[in-house]
Amino acid sequence: MLSALTGVYGDRGDAVRVAGRAASYEALLGAARAVAADIAGAPAFAVTATASLETVAAAVGGLLAGVPFVPLPPDAGPAEREHILRDSGAVLLDVDFDRRSDRSGWAGGLESGSGGAALILYTSGTTGPPKGVVLTAEAVAADLDALAEAWQWSAEDTLVHGLPLFHVHGLVLGVFGALRTGSRLVHTGRPAPEAYAQAGGSLYFGVPTVWSRIAGVPQAAAALGSARLLVSGSAALPAPVFRDLERLTGLRPVERYGMTETLITVSGRAGGEVRPGTVGTPLPGIRTRIVAEAGAEIGELQLTGPTLFSGYLGRPEATAAAYTEDGWFRTGDIAAVDADGVHRIVGRASIDMIKSGGYRIGAGEIENALLDHPRVSEAAVVGLPDADLGQRIVAFVVAEGVTGAELTDFVAAHLSVHKRPREVRFVAAIPRNAMGKPQKKLLLTDS
């Protein structure tokens, strides 16, 4: 699956650069083989997925060994880490990139057809703790090949991004994609505008928050004008940011759509017509349909194809519920499709999924964390529009004797830091329906 590591594209000393550290394909493969030797026979293994060569070596080593890789968010709180390790059964590994092994344990390819798990990525649901999404090497390879065609992505490119290495965008596209196409990879560590400007890339990945910040630094944005393609994903790119980027770089950013469970399924094309607010057309092999109420032009986006996950780890009922009776995956997103097949994502079927700073965050997980605080009796979490983050996490709580800052710190200590509320609003009561379910729309109306 990782063609660059077979020598087909040659080698160079800076084939992979992460946070200022460079490595050749040969060095990366040696470090990955050492990881593979360490984890041989394990049911799964986990690594704290920092922006580092160690994380890249771990991800490759898992593929070499045929052992599922479980990337842990570096900012995950103790409770979240413990849940992921316990749920996945993964052994926690420390990786030393300078430790190399010459044992191949690998016959040149990773598409064995075994259908076994290659990655287990944890994603928040609307209720309860994160679920493990099982992805195979075959699904990843199918997605990367489709994207390479859509974006004209090749070994001639230099890919630049600063995205987290524990999500599809940063890890699957941003690391495995580069290693499959042979493009040089520059991971900036943090996605700062200045770092993107100095990287000299031809292909850039970012989430709307990153692009918004780059557009806010005109000199940095202008430096990206020599690039071939800018790609935005993980949330809708605001039209004003699209227009600012076009004005400053001369490029119209391509948007794409996907989920952890499906990988990337719909995208704009390099060299094709790109319109703000749209995510393009289905990738090769992907079929989509809109299931709408009679007379409605929008409805739930459902899809099928070779990039879909194998299921939620240990949760057959949740897996079954994610599909329709005739086998189409329910995305839970509301979409519209025009006469040319171009898709536009309208919103979430449920307001309990928040997209903030490129992350998909389940409100229920944050509510559960808030309710663990002894001073909190009720909690409801929503996402409100935010020019920088897309949505900011706002918590409505019924509590006494505690400040909003204390509750924010409490959540950050128990979950990933990016899941903390950006704002806490104290209310006398959470409005509920006759069944006792919180009526969040009423909270949003009052906002």
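Brief remarks on what is shown
- Extreme residue, positive dipole direction of the chain, given options V160, A220, A58 (C-beta unit charges): A220
- For the stretch 371-421 versus the stretch 55-88, the inter-centroid distance based on Cα atoms is 26 Å.
- Share of carbon and sulfur in the accessible heavy-atom surface of the stretch 351-447 [1.4 Å probe, %]: 52 percent
- Degrees separating the helix 53-65 axis from the principal Cα axis of the chain, which is the longest one: 80 degrees
- Couplings for the stretch 16-30, taken from phi via the Karplus curve 6.51 cos²θ - 1.76 cosθ + 1.60 with θ = phi - 60°, read 10, 10, 10, 6, x, 9, 10, 8, 7, 4, 5, 5, 4, 5, x Hz in order; Gly and Pro are left as x.
- Contact order relative to length of the stretch 164-274, as percent, for alpha carbon pairs under 8 angstrom and 6 or more apart: 20 percent
- Helical runs (DSSP H, four residues minimum) scored at -39500 (n - 2.57) apiece and divided by the length of the chain put the mean residue ellipticity at 222 nm at -8000 deg cm²/dmol.
- Annotation: extensible slack from A42 through E317 equals 96.4 nm (criterion: 0.36 nm per residue apart, minus Cα-Cα distance).
- Approximating the spin labels as points 7 Å out from Cα along Cα→Cβ, the R275-to-V91 distance works out to 5.4 nm.
- Local electrostatic count, D157, Cβ distance below 11 Å [Lys/Arg +1, Asp/Glu -1]: +1
- The stretch 301-368: GluC sites (Glu not before Pro) in DSSP coil with no more than 16 other Cβ atoms inside 10 Å: E325
- DSSP-defined beta bridges in the chain - what % are antiparallel, rounded to 5: 65 percent
- Tilt relative to the chain, helix 137-151 - C-alpha long axis, 0 to 90 degrees, to 10: 90 degrees
- Heavy atoms of R100 accessible to a 1.4 Å probe, total area in Å² rounded to 10: 110 Å²
- Length added when fully stretched, R422-R375, from 0.36 nm per residue minus Cα-Cα: 15.0 nm
- Inverse of mean 1/r across different Cα pairs in the chain, Kirkwood, Å: 22.5 Å
- Relative contact order, whole percent, for the chain stands at 13, derived from Cα pairs under 8 Å and 6 or more residues apart.
- Average accessible surface for the stretch 184-306: 40 Å² per residue, computed with a 1.4 Å probe over protein heavy atoms with every protein chain in place.
- Under a 5 Å amide H cut-off, with hydrogens placed 1.01 Å from N, R425 pairs with A395, F396, V397 among residues at least 5 apart or on other chains.
- The chain - charge dipole about Cα centre, Lys and Arg +1 at Cβ, Asp and Glu -1, debye rounded to 20: 460 debye
- Shown for the stretch 253-342: the carbon plus sulfur share of the solvent-accessible area, taken with all protein chains present and a 1.4 angstrom probe, equals 50%.
- Gyration tensor verdict on the stretch 156-197 (Cα atoms; rounded if a/c is under 1.5, prolate if a/b is larger than b/c, oblate otherwise): oblate
- GNM top mover of E255, E400, E194 - the chain, alpha-carbon springs below 10 Å: E400
- Backbone HN-Hα couplings from phi across the stretch 264-271 [Karplus 6.51/-1.76/1.60, Hz, Gly and Pro as x]: 8, 10, 9, 7, x, 10, 5, x
- Based on the convex hull around the alpha carbon atoms, the stretch 35-105 presents an average projected area of 4.4 nm².
- Among E246, E406, E138: highest mean-square fluctuation, GNM of the chain, C-alpha pairs under 10 Å: E406
- Residues with amide H under 5 Å from that of R330, placed H, sequence gap 5 or more: Y323, T324
- Helix 239-249 and the long axis of the chain differ in direction by around 30°, with both axes built from C-alpha atoms.
- Between R243 and Q198, the modelled labels are 3.3 nm apart [label points 7 Å from Cα along Cα→Cβ].
- Amide H contacts under 5 Å for R432, placed H, 5+ residues apart: Q439
- Between D340 and I298, the simple label model (points 7 Å from Cα in the Cβ direction) yields a spacing of 2.0 nm.
- Alpha carbon convex hull of the stretch 162-221, volume per residue in cubic angstrom: 72 Å³
- Listed values for the stretch 333-345 are Karplus-derived 3J(HN,Hα) couplings in whole Hz (6.51 cos²θ - 1.76 cosθ + 1.60, θ = phi - 60°), namely 9, 8, 9, 9, 10, 8, 5, 8, x, 6, 9, 10, 8, and x replaces Gly and Pro.
- Cβ-defined net charge surrounding P316, 15 Å radius [Lys, Arg +1; Asp, Glu -1]: -1
The values are calculated or read from the model by the stated rules, or taken from the named source; none is laboratory data. The shown structure was predicted, so the numbers you read here are calculated from the model rather than taken from an experiment. Every residue, glycine among them, receives a Cβ derived from its backbone with ideal geometry; neighbour counts consider all protein chains shown. Accessible surface is based on the protein model in full, side chains and every heavy atom, while ligands, DNA and RNA are left aside. Shrake-Rupley method; radii C 1.70, N 1.55, O 1.52, S 1.80 Å.
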